[in-house]
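Every number here is computed from the coordinates shown, using simple stated rules; none is lab data. On a predicted model such as this, the values are computed, not experimentally measured, just so you know. Glycine gets a Cβ as well: all are built from the backbone with ideal geometry, and neighbour counts include every protein chain shown.
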Amino acid sequence: MSHNSFGHLFRVTTWGESHGPAIGCVVDGTPPGTILSREMIQRFLDERRPGQSRYTTQRQEPDEVAILSGTMPGEREGELVATGTPIALEIRNVDQRSKDYSEIARRYRPGHADITYDMKYGVRDFRGGGRSSARETATRVAAGAIARQVVSGLLVRGALVRIGDMEIDRNRFDWDETRRNPFFCPDAQMAERWAELLDGVRKRGSSIGAVVEVEAVGVPAGLGAPLYGKLDADIAANLMSINAVKGVEIGDGFAAAALSGEENADEIRIGANGRPEFLSNHAGGILGGIATGQPVVARFAVKPTSSILTPRRSVDADGLEVDVMTKGRHDPCVGIRAVPIGEAMVACAIADHYLRHRGQTGRV
Ligand SMILES: Cc1cc2nc3c(=O)[nH]c(=O)nc-3n(C[C@H](O)[C@H](O)[C@H](O)COP(=O)(O)O)c2cc1C
């Protein structure tokens, strides 16, 4: 199975399966001298970790990261300095329950990649979905923590803005609120309504979709390499590569189709500092594939978790028609845990473009 790497100058290669001994990644291209720490990487992993509330899977994974190469101790306690060589990160798998999956060893779970892995490779690790499992995304979160350190002044943050058909009220959008409820929800009132909604979904053994919004502030103007290395195209590809993501938009995205040219164009004036200033940000911080210096805004749609308790019609590897009910533990709304993953994938795209921009123009 090839194609396990993404990025050019900030390049991440991930490895490992859901039910193997460990998962991990190799981050190549971190500039020498970049300041890191194990605690800083762990902090982001802790946000994605399962089993933290009744609204996410009860799989218990401590997701403790070990840094195997590419750094040396810094001056301060716990500080690590990147040497510029590949940084290898490892996360041990501790909560593997293969027996939960024995019934579906030869059956294709609808909505999962079981059938396409068999079609393509003729061999499939059925234990927890193997490489197609979102367990792999923990390694991306660890790589994203390093990416954030590559671009000084970069802030990448994410929020869940919709579950099912219940969307947040933008007038109540408060980034601080995303850290106070189990949904990364920026609207305190909507978080309470989601709690009720998800309790019902969970009790029915069902699942529900969601929309995640990621904002990157402090992206230097000029990042992005048209025509075939556009910043928006690479962010979209990174987000689309996350399990269960079925749609990505930048800025106003699909809503832009309903706007007039007058409404959509971000007008420009000279700001107080004598530099051009945009009066709005419908473009989501990117024009012609190049960052404007405004916040970069991306949203992605996450489908409802495929593993549900209601039997679904399917077939098995012997060509027989069967009914499939997934008994393994699952997230009723995978969109929740997708928030830190989306942040990480945006951070990786920006770090990569930062280094590419510096390489091509000699400046940032
Ligand atoms: C954080 C996260 C956790 C997930 N957990 C589950 C899960 O418990 N059960 C499930 O059916 N799918 C889960 N998924 C989605 C599947 O991995 C995904 O739907 C499957 O690999 C098929 O790929 P696709 O939906 O991208 O086509 C999860 C996705 C994410 C992002």
FRET efficiency (Ala237, Met166; Cβ distance; R0 30 Å; to 0.05) is 0.55
Inter-part gap, Cα centre of the stretch 302-321 to Cα centre of the stretch 195-274, in whole angstrom, is 30
Note, the stretch 228-241: 3J(HN,Hα) by Karplus (6.51, -1.76, 1.60, θ = phi - 60°), whole Hz, Gly/Pro = x, goes 9, x, 4, 4, 5, 5, 6, 4, 4, 4, 4, 6, 5, 7
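Quick one: Leu355, Leu231, Leu154, fewest Cβ neighbours within 10 Å first, how do they rank?
Leu154, Leu355, Leu231
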Going residue by residue through the stretch 200-205, the Karplus relation 6.51 cos²θ - 1.76 cosθ + 1.60 with θ = phi - 60° gives ³J(HN,Hα) values, rounded to whole Hz and with x marking Gly or Pro, of x, 4, 5, 5, 6, x
Relative contact order as a percentage, the stretch 276-358, C-alpha pairs under 8 Å and 6+ apart, gives 19
Rounded to one decimal in nm, the spacing of the 7 Å Cα→Cβ label points at Arg312 and Thr83 is 4.7
Once normalised by the length of the stretch 124-264, the mean sequence separation of its alpha carbon contacts under 8 Å that are 6 or more apart gives a contact order in percent of 22
Distance in nm between Ile268 and Met119 label points, each 7 Å along Cα→Cβ, equals 4.6
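To the nearest 20 debye, what is the magnitude of the charge dipole of the stretch 110-198 about its Cα centre, counting +1 on the Cβ of each Lys and Arg and -1 on the Cβ of each Asp and Glu?
460
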Mean-square fluctuation maximum in Gaussian network of the chain, Cα pairs under 10 Å, restricted to Gly247, Gly78, Gly29, hits Gly78
Rounded to the nearest 0.05, FRET efficiency between Lys327 and Met1 (Cβ-Cβ, R0 25 Å) equals 0.40
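Quick check on the stretch 129-243: what does the Kirkwood estimate of hydrodynamic radius come out to from the alpha carbon pairs, in Å?
16.5
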Per the 1/(1 + (r/R0)^6) rule, R0 = 35 Å and r from the Cβ atoms of Gln189 and Gln60, FRET efficiency to 0.05 is 0.65
Taking 0.36 nm per residue of separation between Val94 and Gln52 and subtracting their Cα-Cα distance, the length gained on full extension comes to 13.5 nm
Taking 127-139, 298-310, 199-211 and ranking on average Cβ neighbours within 10 Å, highest first, one gets 127-139, 298-310, 199-211
Filtering GluC sites (Glu not before Pro) in the stretch 248-279 by DSSP loop and by at most 14 other Cβ atoms within 10 Å leaves Glu267
Highest GNM mean-square fluctuation among Ile67, Ile235, Ile91, for the chain with Cα springs under 10 Å, belongs to Ile67
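Suppose every K and R has +1 on its Cβ and every D and E has -1 on its Cβ; what is the size of the dipole of the chain about the Cα centre, in Debye to the nearest 20?
It works out to roughly 780 debye.
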Ranked by GNM mean-square fluctuation in the chain (Cα springs under 10 Å), the top entry among Met345, Met166, Met240 is Met166
A correct fewest-to-most ranking of Arg38, Arg148 by other Cβ atoms within 10 Å would be Arg38, Arg148
Per the rule of 0.36 nm per residue minus the C-alpha distance, extending Ser260 to Leu279 adds in nm 5.2 nm
Taking the dipole of the stretch 153-287 about the Cα centre (Lys, Arg +1; Asp, Glu -1; charges at Cβ), the one of Leu160, Gly271, Ala195 that reaches farthest to the positive side is Ala195
The answer for Val161, listing residues at least 5 apart or on another chain whose modeled amide H is closer than 5 Å to its amide H, is Val211, Val212, Glu213
Summing -39500 (n - 2.57) over every DSSP H run of at least 4 in the chain, dividing by its residue total and rounding to the nearest 500, the 222 nm mean residue ellipticity is -8000 deg cm²/dmol
With +1 on the Cβ of every Lys and Arg and -1 on the Cβ of every Asp and Glu, the dipole magnitude of the stretch 281-364 about its Cα centre, in debye rounded to the nearest 20, is 420
A student asked for the Cα radius of gyration and Dmax of the chain in angstrom ought to give 21.1, 70
Checked against a 24 Å limit on the C-alpha separation, the offending pairs among Lys230/Lys303; Lys120/Lys246; Lys203/Lys327 are Lys230/Lys303
By the C-alpha gyration tensor axes a ≥ b ≥ c (rounded if a/c is under 1.5, else prolate when a/b exceeds b/c, else oblate), the shape of the stretch 214-313 is prolate
Ranked from fewest to most other Cβ atoms within 10 Å of their own Cβ, Asp252, Asp46 fall in the order Asp46, Asp252
Rounded to one decimal in nm, the spacing of the 7 Å Cα→Cβ label points at Ser206 and Arg76 is 4.9
Of all C-alpha pairs within the stretch 289-364, those more than 22 angstrom apart amount in percent to 53
Projected onto the charge dipole of the chain (unit charges on the beta-carbon of Lys, Arg, Asp and Glu, signs +1, +1, -1, -1), the Cα from Ala317, Thr83, Val12 with the largest positive-side position is that of Ala317
Under 5 Å from the placed amide H of Ile286, counting only residues 5+ away or on other chains, we find Thr292
